[in-house]
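Engineer: Take this structure first; my questions come after.
The values are calculated or read from the model by the stated rules, or taken from the named source; none is laboratory data. Computed from a prediction, not measured in an experiment: that's the story for all the values here. A quick note on method: Cβ atoms are made from the backbone with ideal geometry, for glycine too, and the neighbour counts reach across all protein chains shown.
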Amino acid sequence: MAGLAELATGAPAGVDEALGLVAEFDDALTYGLGRLTEGRAAALASFAGALAGTPLGAAAGEAAAKIASGAVAEEHLAALAGGRAALFGAVHDALLARLDGCAGRERAEWREPGRGEDTAANLLAGCRSWLTELAITGWRGVDHDLVSSADPTLEALLARPALRRQAVLLDGLAAELRASCPVATLERVPARRWADLWTRAVLLARGAGEEEPAETVSGRLLVLGVDVHEHGTAVQAQVHGVLETRDAARLVRTSVTAAKVDTIVGPAVWRLLTGHPVLMGALAGRLTLNLKDMPLLAGGDLLWHDDRASAGEPADPFATARVVLPRAVAPPVPPLDRHPVRIAEPVLLEGYKARRETLELDGTTLAIDTGRLPACGPLTPALVAASTECVGLMRWDGGRWAVQPLAVRATVKKKPVEAHTGDWALGPADPKIAKAEARTGDAVAVLRERAGRLLRA
């Protein structure tokens, strides 16, 4: 506990400087690398200079000089995208090493997978061409014509299952840009987000990010909690837990996803995930899961197959976090995932004094990320503020550490209360919520029935 409190003392040395360099690069990308001002050209040179002692140093320096002179080529952008990813990777590694040290957590080393065959060079070249046009033009210059020029490449990518990662990423970036056109009229550009997507797309289009090696595992999965990601058109339940096999205990996660419409909100989103009854039942009943031959990627992600799992005995996530989590080996982080915003590490916090948005722990103050509490479960900011124990995810965003609660123990009206984000995976346990849902009807069932009519017509 005392170790985790040390996280609130500040970021490791060099983090702020690295993020400052990235921010200057993102500013140049916002206004276009094809028309750099003197100040932005100098900022780009400083960005490249920070990489001088790395294997990317020579390529980044040449790229900055060529771009400042008006010559922008794909290989120059690849060098700068690689440098940006490397700076974020260094920040990520420093933060994660601090967290692992404070939590006493052991982490496995990443082993680079073998290279696969390049079977779609022409499609990837099309991706690189569009991404180059974006960088030259800058976000402020993006219009409908530029976005639409990616459509033929996207259509071809989506038809190739082996290129689904690149396709979904580019499709998402294009959709965001299309919805914001003309970008010149936006009051504020999401420069960091779009630059993150651009960087990842550039590296994927040059063959980086080979598929992670996978193994099949069998054992007992002890659930720590579930993080619900909800969007207007999709919902994902990401389960964090400890996998116990014959010879090890490993920290893992698994995700199930479903498409949705923006009218399906609150507890109703769980009905979209009924295709995974074993997993949903384990979340609602706080049960262990017995796995047989479940694929596990090197980065710690179980590829969920409900038919390869069966419900086990009840297990208290707080007991799992207290007894099993400290000896579990954390997975390595794949190179392209080394970004500080992706840090989400399960932790147990006890004996703190909580308030609405912060908690006091061993004389330090730690932020509570109440903005991530899902509307589909019983956890509320008020319940978190009344808690004294928490199983949560430690995150780093906006220059600070914060804990995202997945489960809490609190005292409400002098009675002990325990709530978990997955408690309503089989439906609301709160009678008031269940009654309100009954009055409004089952939106998921209605939409499915109407969709069925359309398909039969």
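Engineer: Being at pLDDT below 95 and at positive phi, is that true of even one residue in region 373-393?
Structural biologist: Scanning region 373-393, I find no residue that is at pLDDT below 95 and at positive phi, so the answer is no.
Engineer: Which residues, counting only those in region 19-39, are surrounded by fewer than 18 Cβ atoms within 10 Å (Cβ to Cβ) and either in a loop (DSSP other than H, G, I, E, B) or in contact with a Lys or Arg (Cβ under 9 Å, 6 or more places away or on another chain) (or both)?
Structural biologist: Within region 19-39, ALA23, GLU24, ASP27, GLY34, ARG35, THR37 qualify.
Engineer: Still on this model: For region 98-130, give me each residue that is loosely packed, with under 10 Cβ neighbours inside 10 Å and either at pLDDT 90 or above or of a type in the set (Asp, Glu) (or both).
Structural biologist: GLU109, GLU117, ASP118
Engineer: If you don't mind, there's one more thing I want to ask. Being among the β-branched types (Val, Ile, Thr), under 22 Å from the mean Cα position of the chain (by Cα) and either outside the structural domain of VAL323 (by TED's automatic domain parsing) or in a loop (DSSP other than H, G, I, E, B) (or both): is that true of VAL72 here?
Structural biologist: No: the conditions fail for VAL72.
Here's the yes/no breakdown for (1) in a helix (DSSP H, G or I); (2) without any contact (Cβ under 8 Å) to a residue 60 or more places away in the chain:
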| residue | (1), (2) |
| --- | --- |
| ALA5 | yes, no |
| PRO12 | no, no |
| GLU17 | yes, yes |
| ALA41 | yes, yes |
| ALA65 | yes, yes |
| ASP93 | yes, no |
| LEU99 | yes, no |
| TRP110 | no, no |
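Engineer: Further, regarding this structure: Could you grab the pairs with beta carbons closer than 8 Å, sequence gap of 6+ or different chains, first residue in region 412-436 and among the small types (Gly, Ala, Ser), second one assigned to a strand (DSSP E or B) and modelled with pLDDT under 95?
Structural biologist: Between residues of region 412-436 that are among the small types (Gly, Ala, Ser) and residues that are assigned to a strand (DSSP E or B) and modelled with pLDDT under 95, the close pairs are ALA419/ALA410.
Engineer: Can you name every residue in region 393-413 that is among the hydrophobic types (A, V, I, L, M, F, W, C) and either within 18 Å of VAL223 (Cβ to Cβ) or buried (at least 19 other Cβ atoms within 10 Å of the Cβ) (or both)?
Structural biologist: Within region 393-413, LEU393, MET394, TRP396, TRP401, ALA402, VAL403, LEU406, ALA407, VAL408, ALA410 meet the criteria.
Engineer: Among ALA18, ALA97, ALA50, ALA85, which is over 15 Å from ARG338 (Cβ atoms), small (Gly, Ala, Ser) and out of contact with any strand residue (DSSP E or B) (no Cβ under 7 Å at 6 or more places or on another chain)?
Structural biologist: The unique qualifying residue is ALA50.
Engineer: Taking ALA85 as the residue in question, decide whether it is modelled with pLDDT under 95, assigned by TED's automatic domain parsing to the domain that holds ARG128 and among the aliphatic types (A, V, I, L, M).
Structural biologist: So ALA85 fails the test.
Engineer: Please go through region 46-55 and pick out each residue that is surrounded by fewer than 17 Cβ atoms within 10 Å (Cβ to Cβ) and closer than 21 Å to ARG192 by Cβ.
Structural biologist: Result: SER46, single match.
Engineer: Is it the case, given these coordinates, that LYS415 is touching a strand residue (DSSP E or B) at 6+ places or on another chain (Cβ under 7 Å) and over 28 Å from ILE264 (Cα atoms)?
Structural biologist: Considered against the rule, which asks whether it is touching a strand residue (DSSP E or B) at 6+ places or on another chain (Cβ under 7 Å) and over 28 Å from ILE264 (Cα atoms), LYS415 comes out as no.
Engineer: Being closer than 19 Å to GLY10 by Cα, in a strand (DSSP E or B) and charged (D, E, K, R) is the filter here; which residues of region 345-368 pass it?
Structural biologist: GLU345, GLU360
Engineer: Considering only residues of region 381-400 that are more than 30 Å from ASP16 (Cβ to Cβ) and outside any loop (DSSP other than H, G, I, E, B), which is nearest to the chain's Cα centre (by Cα)?
Structural biologist: Applying the filter and picking the extreme gives VAL391.
Engineer: Check whether at least one residue in region 277-287 is in contact with a strand residue (DSSP E or B) (Cβ under 9 Å, 6 or more places away or on another chain), assigned to a loop (DSSP other than H, G, I, E, B), surrounded by 15 or more Cβ atoms within 10 Å (Cβ to Cβ) and outside the structural domain of ALA97 (by TED's automatic domain parsing), and report yes or no.
Structural biologist: For region 277-287, residues in contact with a strand residue (DSSP E or B) (Cβ under 9 Å, 6 or more places away or on another chain), assigned to a loop (DSSP other than H, G, I, E, B), surrounded by 15 or more Cβ atoms within 10 Å (Cβ to Cβ) and outside the structural domain of ALA97 (by TED's automatic domain parsing): present.
Engineer: Let me ask you something else. Looking at region 375-387 only, could you name the residues that are surrounded by fewer than 21 Cβ atoms within 10 Å (Cβ to Cβ), touching a Ser or Thr at 6+ places or on another chain (Cβ under 7 Å) and not small (Gly, Ala, Ser)?
Structural biologist: If the condition is that a residue be surrounded by fewer than 21 Cβ atoms within 10 Å (Cβ to Cβ), touching a Ser or Thr at 6+ places or on another chain (Cβ under 7 Å) and not small (Gly, Ala, Ser), then PRO381 is the only one that fits.
Engineer: If the requirement is being free of Cβ contacts under 8 Å to residues at least 40 places away in the same chain, assigned to a strand (DSSP E or B) and among the β-branched types (Val, Ile, Thr), which of these qualifies: VAL323, VAL403, VAL408?
Structural biologist: Details: VAL323 fails: assigned to a strand (DSSP E or B); VAL403 fails: free of Cβ contacts under 8 Å to residues at least 40 places away in the same chain.
On inspection, the qualifying residue turns out to be VAL408.
Engineer: Of the conditions (1) within 30 Å of LEU124 (Cα to Cα); (2) buried (at least 19 other Cβ atoms within 10 Å of the Cβ), VAL223 satisfies every one except a single condition; which number is it?
Structural biologist: Exception for VAL223: condition (1).
Engineer: Give the number of residues within region 351-372 that are touching a residue at least 40 places away in the same chain (Cβ under 8 Å), in contact with a helix residue (DSSP H, G or I) (Cβ under 8 Å, 6 or more places away or on another chain) and either of a type in the set (S, T, N, Q) or on the phi < 0 side of the Ramachandran plot (or both).
Structural biologist: Going through region 351-372 one residue at a time, the tally reaches 4.
Engineer: Just to be sure before I move on: is THR185 of a type in the set (Ser, Thr, Tyr) and over 21 Å from the mean Cα position of the chain (by Cα) in the structure I sent?
Structural biologist: It is true that THR185 is of a type in the set (Ser, Thr, Tyr) and over 21 Å from the mean Cα position of the chain (by Cα).
Engineer: Here's another thing I want to ask about it. Given the conditions (1) touching a Gly at 6+ places or on another chain (Cβ under 9 Å); (2) closer than 18 Å to ARG200 by Cα, and given that VAL72 satisfies all but one, which numbered condition is not satisfied?
Structural biologist: (2)
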